[in-house]
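In what follows, a structure is listed as structure tokens, so that the remarks can point back to it.
The values are calculated or read from the model by the stated rules, or taken from the named source; none is laboratory data. Keep in mind that this is a model prediction, so the values were computed, not measured. No Cβ is skipped: glycine too gets one built from the backbone with ideal geometry, and neighbour counts run over all protein chains shown.
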Amino acid sequence: MTHTSVNNTVRLFGAGLRALLVLTLVCGVIYPLAVTGVAQGLMPGRANGSEIKDRNGDVVGSSLIGQTYNLPKQNPDDAEEVVRPDLKWFQPRPSNGLGSNSVNTQYSLVLSGATNRSGDNEELIQWVTDARKAVAEDNSTATYAVKPADVPADAVTSSGSGLDPDISPAYARLQVHRVAERNGLPVEEIKSLVAEHTTGRLLGFMGEPRVNVLELNTALRDLIHG
């Protein structure tokens, strides 16, 4: 009886081990390689992280994750110093989800998150009011005046993740005169650049028209440097 029990145990152990090896091979090797192969064949750009490259072929980021375009701090160690946007570039939506990594200082840590405040929250209303005023002031030039009422909602509110890479065409157009002035370029040339990088609704009716800020600024940098 004992001998039979041992044999059964060994047999079951062997069957379990074989199943583990087969499933590891199928699920851990064959399936990932098959999926990777299909993805690389049908959509290599997306499979590789939707990378955006400049004209030199250098990767500058991903079209799926927003980036900030700010002036460097005068004192990097001053946590209280207000970071100002670099107004020579098109600015993205407010990025409440972008944070810094205090553990690994070699890379920046991207933290996804929203403000978690309701639409009637007094603090949020004050944020939006102040942001509208700041955006209007930043984008007004000697020949182009912007009023707070002209500022679209996405210019003063972050997305649910805080990492939205896109802005509305209205917000992109609002920035055209300022970008042209700061870079010494014709307004019409910057307008054309925005139009070229405006994506319409999917299939003509799904979603909203949008402009990818990283793609637009990459094209702008190529234009500046000729």
Is it true that some residue in the range 85-95 is part of a loop (DSSP other than H, G, I, E, B), over 30 Å from HIS177 (Cβ atoms) and modelled with pLDDT under 90? no
Somewhere in the range 63-72, is a residue out of contact with any Pro (no Cβ under 8 Å at 6 or more places or on another chain), surrounded by fewer than 16 Cβ atoms within 10 Å (Cβ to Cβ) and farther than 17 Å from ASN212 by Cα? yes
Filter the range 2-25 for residues that are at pLDDT 90 or above and either of a type in the set (Gly, Ala, Ser) or closer than 30 Å to LEU64 by Cβ (or both) and give the result. ALA19
Flagged pairs (Cβ under 7 angstrom, 6 or more apart or on separate chains; first in the range 129-157, within 16 Å of ILE167 (Cβ to Cβ); second of a type in the set (Ser, Thr, Tyr)) are VAL146/SER140; PRO152/SER168; PRO152/TYR171; ASP154/SER168; ASP154/TYR171; ALA155/TYR171
Report the residue count in the range 193-214 for those that are part of a helix (DSSP H, G or I) and farther than 18 Å from ARG178 by Cα. 1
Residue ID - farthest from ALA172 (Cα to Cα), chosen from residues in the range 192-226 that are in contact (Cβ under 8 Å) with a residue 12 or more places away in the chain and among the charged types (D, E, K, R): ASP222
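For every residue, the table says whether it meets (1) within 20 Å of the chain's Cα centre (by Cα); (2) surrounded by 15 or more Cβ atoms within 10 Å (Cβ to Cβ).
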residue	(1), (2)
TYR171	yes, yes
PRO186	no, no
GLU196	yes, no
THR199	yes, no
LEU203	no, no
VAL211	yes, yes
LEU214	yes, yes
ASN217	yes, yes
LEU220	yes, yes
Hits in the range 173-191 - residues which are in contact (Cβ under 8 Å) with a residue 24 or more places away in the chain and either at positive phi or touching a Ser or Thr at 6+ places or on another chain (Cβ under 7 Å) (or both): HIS177, ARG178, GLU181
